[in-house]
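The numbers here are math on the coordinates, done by the rules we state, and not lab data. Computed from a predicted structure; not experimentally measured. Neighbour counts are summed over all protein chains in view; Cβ atoms, including those assigned to glycine, are modelled from backbone coordinates with ideal geometry.
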């Protein structure tokens with residue numbers, strides 16, 4: 001009998017880059033198993049003790065649902081093994097080509113699994129025919145260490161979600177998590193555990209995959225549906241999220257919303273809200289998801305940042321826009337950002353406000369101001 005060894009690793013490159021099947025970082029099942037109170041008794045949006053529990057092997061997970069029946073069987077085997085810290089186990093899968101796709105699906109669906117760095121697949125063959133495949137996970141920590149990490153993260157998650165009440169809208173919850181992750185995480189290319197939720201929840205420094213998995217995990221704690229998407233953005237491998245708000249899918253990219261990631265100048269020292277609920281039509285100008293799986297087209301705008309904040313315009317009216325500029329400045333806000341659904345309206349606004357300098361009719365800070373206009377998203381941001 002011949003034995004062939006296949007080593008596959010999941011990893012995210014420095015700078016938040018994501019190399020598919022290059023090497024997963026540590027991951028885990030978070031939060032202790034406790035009984036959640038009935039919904040009517042909940043005053044705050046407390047985390048579910050096992051946010052992915054109903055999705056473990058029963059279907060309903062975003063990537064699991066896209067697998068064939070044989071792949072789903074292998075997915076269930078891999079998931080059970082990872083949760084049990086099995087040293088090795090037989091995979092019921094018909095070909096080695098499926099291993100990477102299925103293992104990736106498990107990791108993408110389960111950000112609470114943070115203790116895996118990769119895996120090795122051993123093919124056992126007889127007379128040239130593969131008779132079995134054995135998967136040996138590469139664990140980044142033992143079970144005892146993982147349990148300690150779980151306890152620490154459970155406490156962190158409880159504190160993070162404490163301000164959220166159960167009656168908040170989906171948009172309010174997503175905006176809160178978007179701001180929390182950005183404001184409490186330093187974008188650091190060599191951050192420890194950068195590929196998983198430990199990096200954000202415990203160490204507060206990460207790259208794009210850590211941002212995305214943490215957002216996915218925290219929304220799951222709130223009972224919301226989201227997933228992590230991988231692909232390219234700005235010419236680099238990247239990870240971001242899809243999240244459902246009020247039944248519609250929206251794109252969210254906390255990494256690109258983080259001024260520390262942009263690293264340009266002081267003008268961008270504030271959050272960029274353009275990537276909070278961005279439609280696919282706009283996101284695809286800079287982001288391209290990989291082709292390994294299918295993703296829904298995000299067409300809704302109702303729960304995007306600009307619409308929710310009353311800063312999205314179908315046409316340009318100087319007085320209407322100018323009034324919002326004045327309101328934000330007088331309220332002591334660090335900036336105001338608005339967008340247009342129509343390219344002509346956007347061009348008219350840029351020409352009138354900045355070329356013709358009518359912005360100063362509503363701006364009280366003298367004769368100079370900092371602003372940024374982004375043609376790709378038809379948006380304008382003014383910094384006070």
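For the peptides 215-224, 179-188, the ranking by mean Cβ contacts within 10 Å, running from highest to lowest, is 215-224, 179-188.
The range 109-185 and the range 343-384 have their alpha-carbon centroids 42 Å apart. Would you mind classifying the range 270-384 by shape? Square roots of the alpha carbon gyration tensor eigenvalues, ordered a ≥ b ≥ c; an a/c under 1.5 is rounded, otherwise it is prolate if a/b is larger than b/c and oblate if not. It is prolate, given that a/c is not under 1.5 and a/b is the larger ratio. Model label points for residue 284 and residue 248, set 7 angstrom from Cα along the Cα-to-Cβ axis, are 1.7 nm apart. The relative contact order of the range 310-383, computed from alpha carbon pairs under 8 Å that lie at least 6 residues apart in sequence, is 36 percent.
Can you tell me the FRET efficiency between residue 307 and residue 368 if r is taken as the Cβ-Cβ distance and R0 is 30 Å, rounded to the nearest 0.05? Mind showing how you got there, number by number?
On the way: r = 31 Å, r/R0 = 1.03.
Plugging the Cβ-Cβ distance into 1/(1 + (r/R0)^6) gives 0.45.
Got the relative contact order for the range 136-286 handy, in percent, Cα pairs under 8 Å and 6 or more residues apart?
Rounded, it is 16 percent for the range 136-286.
Can you sort 343, 256 by how many other beta carbons sit within 10 Å, fewest first?
Numbers: 343 10, 256 22.
Fewest to most other Cβ atoms nearby, the residues stand as 343, 256.
Between residue 151 and residue 317, the contour length at 0.36 nm per residue exceeds the Cα-Cα span by 54.4 nm. Just to verify a number: FRET efficiency for residue 375 and residue 291, C-beta to C-beta distance, R0 = 30 Å, to 0.05? After rounding, the FRET efficiency stands at 0.65.
Give me the extension gain from residue 179 to residue 165: residue separation times 0.36 nm, minus the current Cα-Cα distance, reported in nm with one decimal.
Gain on extension, residue 179 to residue 165, equals 3.4 nm.
The modelled label-to-label distance between residue 202 and residue 97, using points 7 Å beyond Cα along the C-beta direction, is 3.9 nm.
Computed extension gain for residue 138 through residue 85, at 0.36 nm per residue and net of the alpha carbon distance, reaches 18.1 nm.
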